[in-house]
Structures are given as C-alpha cells and as structure tokens.
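Contents: one structure, followed by commentary.
The numbers here are math on the coordinates, done by the rules we state, and not lab data. Since this is a predicted model, take the numbers as computed values, not measurements. No Cβ is skipped: glycine too gets one built from the backbone with ideal geometry, and neighbour counts run over all protein chains shown.
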Amino acid sequence: MEGVTDAPMRAVQGSVGAFTFAVTEFLRVSHAVPPRHVFYSHVPELHTAATTLTGLPVQVQLLGGDAGRMAASAVCAHELGATAIDINFGCPAPTVNRHDGGAALLRHPKRIREIVGAIRAALPANVPVSAKLRLGWDGIDAIHENATMAAEGGAAWLTIHGRTRVAGYAPPIHWEPIGKVRERLGLPVVANGDIWTLDDFRRCRDATGCRHFMLGRGALANPRFARQVAVELGLLPREEESREPFEWSSLLRSLVEWSHRFEMMQSDKNVSRLKQWLRLASQFGNFTRFDAVKRAGTVQELFAALEDSPHPIACET
Ligand SMILES: Cc1cc2nc3c(=O)[nH]c(=O)nc-3n(C[C@H](O)[C@H](O)[C@H](O)COP(=O)(O)O)c2cc1C
C-alpha cells in the first residue's frame, strides 16, 4: 500500500508472523528504468535476499504502461536481488491513470498481455511474475478478459481486488467474479478487498473458493487480525485468544525503531505516520482513543498521550 506499507512497516508486519509474503508499494516506471538507488531506497530488502530482517519475503511491485521499460525494470530489480515481480493494474489514482499506469490498463486487455508477457520473457523462469487487477475500469465483467490476458502473458498467479476503478473504495465488494476467474483459469488467485473480520474472511473464502488472500487495511486496523486469519487457514496453530486490550504502544514503537534503522523518516514524518495508522484503526477497527493522540506534534507527545491516557488504549478484538 503506497505511503503505508514501506520497508519499516513491512518489517513490523514480518514480526507479527502471520503473512506468507508482502508486496512492496508500487514502483513507478515512467520515462526510463528507475536508477539502482531508487530500487534500493524503495525496497531496502533487496540487500537482504528480498526478505525483511524479520523474515518476511517481499515481492517487488512495478507500475507502468510501457512493456519494454517495464521488462527492463524487472530485469534490473532481479539483478539487484528481487525474487518475484508483481505488476500493478489496479491503482485508481487519477495522476497515475493519466500517465498510462495502474487501472488505466484495464481498458486495454491486450496491453496487459503484452506487459506481463514482456516481463515474463525477460526474467529467468524461476522468478515468478504476478499481476494485481481490479475487476475492470467501470464494469465488473471486464475481469474475465483482463485475467485471461494476464494468464496468457504468463502470470504465475493473479491478485484480484473485487471492485472497479470507478468504484474506488466504495461498497459493495464483489467477491463472486474472483471465484469465477479462479475456476475458469485454474491459476492460483489471491482474493482481495474488504476482509475486515473473520466473518468477512469466511464469506470471501466461500464466495471465491480461494485459498490465498491479500489483507490490506483490515490487517492494519486490527493488528491481531492477520494472525486470526492465518490460524483459520491452518498456517498457524490455534492459540488462546488474548482478552487483553491490544497494546498499541509497543507496536508503534517498533515502527519508529525500524524507521530509524532504515534512516527513512524525519521525526515529524514519523508522528504523522503513527497518527495515520491509528486513524485507520479508529475508522475501521476498534481503536477508541484517537481523540487522545490526534493533536500530538511529536512522537514523544504521541506516546505520552497513549500511555498517560486515563482510559486503557483499547482495541478489543
Ligand atoms: C493508501 C493505499 C495505498 C495503496 N497502494 C497500493 C499499491 O501500492 N499497490 C497495490 O497493489 N495496491 C495498493 N492499494 C490497494 C490495496 O492493496 C488493496 O487492493 C485495497 O486496499 C483493497 O484491499 P483491503 O480492503 O484489504 O484494504 C492501496 C490501498 C490504499 C488504501
């Protein structure tokens, strides 16, 4: 998630121990192949076998509309250490779409095949290439042709967010077409979109028949959620659920520590980063004390507000 799941956040999520792999924020390929230093600053895990220091494999995501430059960028990423490449055909940001990137390609199915095919052909066979798609630009049926094109291009798996570009993030989510694509193509399909609770997860699994799931905002809004899903999938042993309110301070502190380690953040950025996370948790999770922290101007003030709060900083799960 661009602006959210950067290297420090991926390291934190790795320490949670629930995910099988993470996908980087998109790296935009516009007029030229990005220089090496951009790959390294965007994906510092390239220095450590494309794995976070907390043990989570990381897949590099590229975004762009020029097949040749995308392929050359994928080769560069691989030479620097990338072990898997994902292609973003889902980003709805108007600026990105105006520049022929992300969901804009959903209106040009043959170009999806061309881009996936060019990247596939440029990389060694043991480096998987996958595609992230929305259901379409303005209609959900477009997924069938677009997914076919991505498969014909050689995608090893598809991740499908069950909305169109025009729908943005508005309800409803459409999981059923994801299942139809999976059945028809016989390719691993990762179901994505609006999995906030275990009940959502079960309904998504039933609607799609998928065995692979991408969690975005739900995993951030409720930090216990990814482990609950991993248990449900049989990836982690079932354990006694904690009834204690979630301890936000230590999780947030670890994000700050990782940011320092990567030398990525100025402290003023760090505080807005922490507030961004807590805002998400208060909007979509059960974090009830956003009012106590929202005026903090520094990291220290934020932690003081969290820890001095007269009420427990609770996130009941
Ligand atoms: C702030 C933000 C940034 C995102 N950035 C990316 C991105 O860089 N690459 C990508 O494939 N999807 C990106 N997405 C989309 C998510 O990966 C996901 O498809 C979407 O949020 C739906 O899943 P969710 O309901 O689990 O969050 C982003 C979403 C948000 C909210």
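Structure values in brief
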read-out	value
Helix axis angle, 198-208 relative to the chain longest principal axis, alpha carbon, degrees	10
The stretch 1-53 shape via C-alpha gyration tensor axes, a/c threshold 1.5	prolate
Set of lysines with alpha-carbon distance to LYS294 below 25 Å, sequence-local pairs under 8 removed	LYS269, LYS275
Label-point gap, in nm, between GLU301 and ALA125 - each point 7 angstrom along Cα→Cβ	6.0
Nearest-ten-degree value, helix 267-284 long axis tilted from longest Cα axis of the chain	80
Ranked TYR169, TYR40, criterion: other C-beta atoms within 10 Å, fewest first	TYR169, TYR40
Radius 9 Å from Cβ of GLY218, net charge of other residues (Lys, Arg +1; Asp, Glu -1)	-1
Ascending count of other beta-carbon atoms within 10 Å, so fewest first, for MET149, MET214	MET214, MET149
Three semi-axes of the equivalent ellipsoid, the stretch 248-308, Cα gyration tensor, whole Å, largest first	19, 12, 10
Projected area averaged over orientations for the stretch 1-127, convex hull of C-alpha atoms, nm²	7.4
Neighbour net charge for LEU255 - beta-carbon separation under 14 angstrom, K R +1, D E -1	+3
Those lysines that a straight Cα-Cα span of less than 17 Å connects to LYS110, excepting residues fewer than 8 apart in one chain	LYS132
Computed label-point distance, nm, for sites THR95 and LEU235 using a 7 Å Cα→Cβ extension	3.2
THR54-ASP138 FRET efficiency (beta carbon distance; Förster radius 41 Å; 0.05 resolution)	0.55
Cα-based Rg of the chain normalised by 2.2 N^0.38 Å, two decimals	1.00
